[in-house]
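Inspection log for the structure reproduced underneath, given as structure tokens.
The values are calculated or read from the model by the stated rules, or taken from the named source; none is laboratory data. What you see is a predicted model, and the numbers here were worked out from it, not measured in a lab. Positions of Cβ are generated from backbone atoms using ideal geometry, with glycine treated the same way; all protein chains shown enter the neighbour counts.
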Amino acid sequence: MSSTKIRPAEKPPKKADHRVVLSRPGAPGGRRDENRKARTEALGKAALALFLEHGIEAVTIDEIAHAAGVAKGSFYRYFDDKTALVAWLVDPVARQMREALARTEARLGEAKDRAGAFTAYQELALALVPLAIFHFDVVRLYLQESRAPSRGACAPIAALVQAIDDGSVRLSEVAVQHGIVAVDDPRITAFATVGAIEQLAMSVLRGRLDASPPEIVGTLIRMILDGIGTRTSAPKDGATA
């Protein structure tokens, strides 16, 4: 993933850049606080609908504000810029995804055989089902924009892509280290798996696949484990057979 280079004449952005503006008057739970939350939600909902229809980069702050029924100047009371808004939309999914990957990495580290690996992967897949249900449109946006250049307002999506790739590679490395699967380069397995999951998700969203989630999950995991094989010889030093 490439990063935007800072020209010599420019100063690095402050840590506060691209933040959601939260420090507004009003006690928690009070009228002002509730109004702020409602306006933030309205902007997020309007932006998400526009992003899904036109793409993140094509949508302007003017259009978001208009769709949300607020003045453009009011937008900046809640978000620093469009990147901050995208980050706010993606954050719940990104946080839960990282937590699910970390739990699965720990479970794979404890697994001693194919059955244990299957269970670990199954728990990961099943954890993603409610994530997709409760954040359906955000998941759609991720799938839509995951291959976009990692610049501008698409940066939060690119960061999530990187986190998923890194987490998937760690899962494959743990599985290989513990002798659960046999593959020379864990990255190949990881990226192939991520690609397969995203393609399956897109097929379901487009109505081209009507299989049940448990069937999809079980079939995919079996294909992964069968495709990369299980170790029949002694594992590497320090690995569990």
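Condition check: small (G, A, S), surrounded by fewer than 19 Cβ atoms within 10 Å (Cβ to Cβ) and without any contact (Cβ under 8 Å) to a residue 60 or more places away in the chain. Does G73 satisfy that? Please lay out each step first, then the result.
Details: small (G, A, S): yes; surrounded by fewer than 19 Cβ atoms within 10 Å (Cβ to Cβ): yes; without any contact (Cβ under 8 Å) to a residue 60 or more places away in the chain: yes.
So G73 passes the test.
Go through region 170-192 and give me each residue that's over 19 Å from E110 (Cβ atoms) and either out of contact with any helix residue (DSSP H, G or I) (no Cβ under 6 Å at 6 or more places or on another chain) or at pLDDT 85 or above (or both).
Step one: filter region 170-192 for residues over 19 Å from E110 (Cβ atoms), giving 182-185, 187-192.
Once the filter is applied, which keeps residues that are over 19 Å from E110 (Cβ atoms) and either out of contact with any helix residue (DSSP H, G or I) (no Cβ under 6 Å at 6 or more places or on another chain) or at pLDDT 85 or above (or both), region 170-192 yields A182, D184, D185, R187, I188, A190, F191, A192.
Give the residue that is surrounded by the most Cβ atoms within 10 Å (Cβ to Cβ), with candidates limited to residues of region 177-196 that are without any contact (Cβ under 8 Å) to a residue 40 or more places away in the chain and of a type in the set (A, V, I, L, M).
Within region 177-196, the first condition is being without any contact (Cβ under 8 Å) to a residue 40 or more places away in the chain, and the residues that meet it are 184-196.
Subsequent filtering for residues that are of a type in the set (A, V, I, L, M) retains 188, 190, 192, 194, 196.
Numbers: I188: 13, A190: 22, A192: 15, V194: 17, A196: 14.
That would be A190.
Here are R151, R140, R95, R107: which of them is surrounded by fewer than 14 Cβ atoms within 10 Å (Cβ to Cβ), of a type outside the set (S, T, N, Q) and closer than 18 Å to I164 by Cβ? Steps first, answer last, please.
On the way: R151 fails: closer than 18 Å to I164 by Cβ; R140 fails: surrounded by fewer than 14 Cβ atoms within 10 Å (Cβ to Cβ); R107 fails: surrounded by fewer than 14 Cβ atoms within 10 Å (Cβ to Cβ).
Testing whether each residue is surrounded by fewer than 14 Cβ atoms within 10 Å (Cβ to Cβ), of a type outside the set (S, T, N, Q) and closer than 18 Å to I164 by Cβ leaves just R95.
Per-residue answers, yes or no, for (1) of a type outside the set (V, I, T); (2) modelled with pLDDT of 55 or more:
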| site | (1), (2) |
| --- | --- |
| S3 | yes, no |
| R7 | yes, no |
| E10 | yes, no |
| R32 | yes, yes |
| T40 | no, yes |
| G44 | yes, yes |
| L50 | yes, yes |
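Scan region 121-136 and give yes if some residue there is at pLDDT below 95, closer than 24 Å to V217 by Cβ and either of a type in the set (S, T, N, Q) or not in a helix (DSSP H, G or I) (or both), otherwise no.
Here is the first cut: in region 121-136, the ones at pLDDT below 95 are 121-136.
Now restrict to residues that are closer than 24 Å to V217 by Cβ: 121-136.
From what is left, the residues that are either of a type in the set (S, T, N, Q) or not in a helix (DSSP H, G or I) (or both) are 122, 135.
The answer is yes; a qualifying residue exists.
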